[in-house]
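The values are calculated or read from the model by the stated rules, or taken from the named source; none is laboratory data. Note that the coordinates shown come from a computational prediction; the quantities given were computed from them, not determined experimentally. Note that we place each Cβ from the backbone using ideal geometry, even for glycine, and neighbour counts take in every protein chain shown. Heads up: the accessible areas ignore ligands, DNA and RNA and are worked out on the full protein's heavy atoms, side chains in. Shrake-Rupley method; radii C 1.70, N 1.55, O 1.52, S 1.80 Å.
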Amino acid sequence: MSPRLSDLAGLPAGVAVPSYDRAAHGIGILHLGLGAFHRAHQAVYTDDALAAAGGDWRIMGANLRSHDIPDALNAQNGLFTVLERGETDRARIIGAHGPAIGGDPAAILRAATDPAIRILSLSLSEKAYGIDRAAMDIDEAHPAVARDLSQPQAPQGLLGLIVTALSARRAAGVAPFTVLSCDNLPDNGPLLGAGVMGFARRTDPDLARWIEAEVAFPATMVDRITPATTDRTLADIEALTGRHDPAGVETEPFRQWVIEDHFPQGRPAWEAGGAEFVRDVGPYEAMKLRMLNGSHSLMAYAGQLMGLELVRDAVGDADLSALVRRHMAAAAATLPRGAGLDSDSYGRALMARFANPGIAHRTLQIAMDGTEKLPQRWFAPAAELLSTGGDARRFALATAIWLAWLCRMQQAGTRPDDPRADALMARLHDAGMDAARLPIAVLSLPGLAPAALVESQIFTGAVTRALTTIFRDGIRRAITSGD
Ligand code: CS2
């Protein structure tokens, strides 16, 4: 096996390396969640910012529980490879990361209280938050929240760690860090802010008032399609670089980051990497979540039912690709007007990105955590359409496809990879395979869909009709029927 990537000497000429002196830049960011997405996105922007404008903005990465990636990074001096799959594959070594922490909450807490840390960023996926989004408050039943409320001095979850670190900084007279959510949630900054303050209100109301006055939670829209790393990724990286890099990731050439510019303690010059700083991220976030992620979820469940393993196979199927275009058009109709969005060209670009022959993005990966993803991808836009008398049938069909996929899982004796799998399976069991009962049985799970949607007979009736067609005539008939 080739040597590991612990220094940059002797790499082949075609491999891009950091053009700055890494040792000259201190750590300024603590990032929670070292998943492939972060390594292909924020780390790359930060690498560009350091190259263009310098500053003490390198990243200390941390995983709350696992230590594989932190160990791999630490064994290679924080360096890792990003493989960009475009017309040709290109490898780039990222130098923005420093030491990493794996599965050690006490060490994360210590790092978060260091005055050098001026930004605490995170990409942990939707289910880590522990926030009741309808109430804009903590979800006391969330396992990490419940545990940390009982032991706030030794937190292990996201909200507990942030609140305890902020409390220690306040006590020591250290300015708070800016909290930057990089997850696919609408209004992610304010949402996280509400969760942090909700947690603090229960443990230290005075601290909650201080957080409200002093801590910034800018909103962001993050985008880069990044499939899970596979053996093939690592083999291709090794072929290009001559190094075995277990922390390597593969991704598409496209990337986008739209950020609300509110960083009282400063920030890296992320615009050097193409980040856009705006006053209101909302319209960009809505367009991305509803058109990109909404179509992704549709392809994930339809693709699974149709035996299509990859997103590129899903858009290669003429019927499914036509459905995705219709779904995108329906999603586009829900976007704010007058915000300067060009949803037509955005949609065309998305279809080309989905079809990228170099990217093997598994539909099953995207199908994960439906109860966390679908509220913002499908149910919110559907409810908005219904409230203005619009046509929500595209979203009803998508919902029927998800329900049919859940039923198939149940029939096969398996379970979806979803934090609410138990509750989903119980509702499915109660409803039997009855297409008339399934929509309300599942959609009425607390917090899943707006009440207006669950109570809309127009919507649930359309889901039932689509589900009946899927059960009777199969998914292909349902997606081509025009209903
Ligand atoms: C995907 C996203 O897995 C999923 O749910 O829809 O990870 C998607 O690939 C990214 O948001 C693209 O930026």
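Classify region 389-483 as rounded, prolate or oblate, taking a ≥ b ≥ c as the square roots of the eigenvalues of its Cα gyration tensor: rounded when a/c is under 1.5, otherwise prolate if a/b is larger than b/c and oblate if not. Verdict is oblate for region 389-483.
Sorting 147-159, 175-187 by average packing, meaning the other beta carbons within 10 Å per residue, from highest down gives 175-187, 147-159. The three principal axes of the C-alpha atoms in region 184-245 carry coordinate ranges of 56, 22, 17 Å, sorted with the longest axis first. Three semi-axes describe the equivalent ellipsoid of region 22-278; taken as square roots of 5 times the Cα gyration tensor eigenvalues and ordered largest first, they are 31, 18, 18 Å.
Computed over protein heavy atoms with a 1.4 angstrom probe, the accessible surface ordering of Arg348, Arg22, Arg437, largest first, is Arg348, Arg437, Arg22. Fully extending the segment from Ala452 to Asp206 would add 84.9 nm, taking 0.36 nm per residue of separation and subtracting the current Cα-Cα distance. Rounded, prolate or oblate: which one fits region 96-221, using the alpha carbon gyration tensor with axes a ≥ b ≥ c (rounded when a/c is under 1.5, else prolate when a/b beats b/c, else oblate)? Cα axes put region 96-221 in the rounded bin.
Legend: calculated FRET efficiency, Ala318 to Arg279, from the Cβ-Cβ distance at R0 = 45 Å, rounded to 0.05, equals 0.60. On the basis of the beta-carbon distance and an R0 of 30 Å, Ala436 and Arg325 show a calculated FRET efficiency of 0.50. Within region 209-335, the percentage of alpha carbon pairs spaced more than 18 angstrom apart rounds to 68%.
Between Ala24 and Ala213, what is the FRET efficiency for a Förster distance of 30 Å, r being their Cβ-Cβ separation, to the nearest 0.05? According to the calculation, E is roughly 0.25.
Residue-wise HN-Hα couplings along region 17-23, as the Karplus relation 6.51 cos²θ - 1.76 cosθ + 1.60 with θ = phi - 60° gives them from phi, are 10, x, 9, 10, 7, 4, 5 Hz; Gly and Pro carry x. Its DSSP H runs of at least 4 residues, each contributing -39,500 (n - 2.57), put the calculated 222 nm mean residue ellipticity of the chain at -13500 deg cm²/dmol, to the nearest 500. For region 272-307 and region 80-152, compute the distance between their C-alpha centroids and round to whole Å. Taking the Cα centre of each part, region 272-307 and region 80-152 sit 21 Å apart.
Could you state, as a whole-number percent, how many of the C-alpha pairs of the chain are farther apart than 43 Å? Within the chain, distances greater than 43 Å cover 15 percent of Cα pairs.
If you model region 290-340 as an ellipsoid using its alpha carbon gyration tensor, with each semi-axis the square root of five times an eigenvalue, the axes come out at 24, 10, 8 Å, biggest first.
Identify the residues of region 55-93 with backbone N under 20 Å of a label point that sits 7 angstrom from the Cα of Phe254 along the Cα-to-Cβ direction, or state none. Only 83-90 fall inside the zone, counting backbone N under 20 Å.
Considering only beta bridges that DSSP places wholly inside the chain, some 35 percent are antiparallel. With a cut-off of 19 Å on the backbone N, the residues of region 16-34 near the modelled label site 7 Å out from Ser6 along Cα-Cβ are 22-23.
When only Cα pairs below 8 angstrom with a gap of at least 6 residues are kept, region 22-278 shows a relative contact order of 24 percent.
Can you give me the Kirkwood hydrodynamic radius for region 9-68, using every pair of distinct Cα atoms, in Å to one decimal? This gives a value of 12.8 Å. Roughly what % of Cα-Cα distances in region 109-168 sit above 19 Å, to the whole percent? Summing the P(r) of region 109-168 above 19 Å gives 31 percent of all pairs. The residues of the chain present an accessible area of 39 Å² per residue when probed at 1.4 Å with all protein chains retained. Average 1/r across all pairs of distinct alpha carbons in region 282-480, invert it, and you get the Kirkwood radius: 16.8 Å.
Overall size of region 81-128 from C-alpha positions, given as principal axis extents largest first: 44, 28, 20 Å. The relative contact order of the chain comes to 14 percent, based on Cα pairs under 8 Å that sit 6 or more residues apart. With the highest mean first, a sort of the peptides 275-282, 50-57, 246-253, 8-15 on other beta-carbon atoms found within 10 angstrom per residue produces 246-253, 50-57, 275-282, 8-15.
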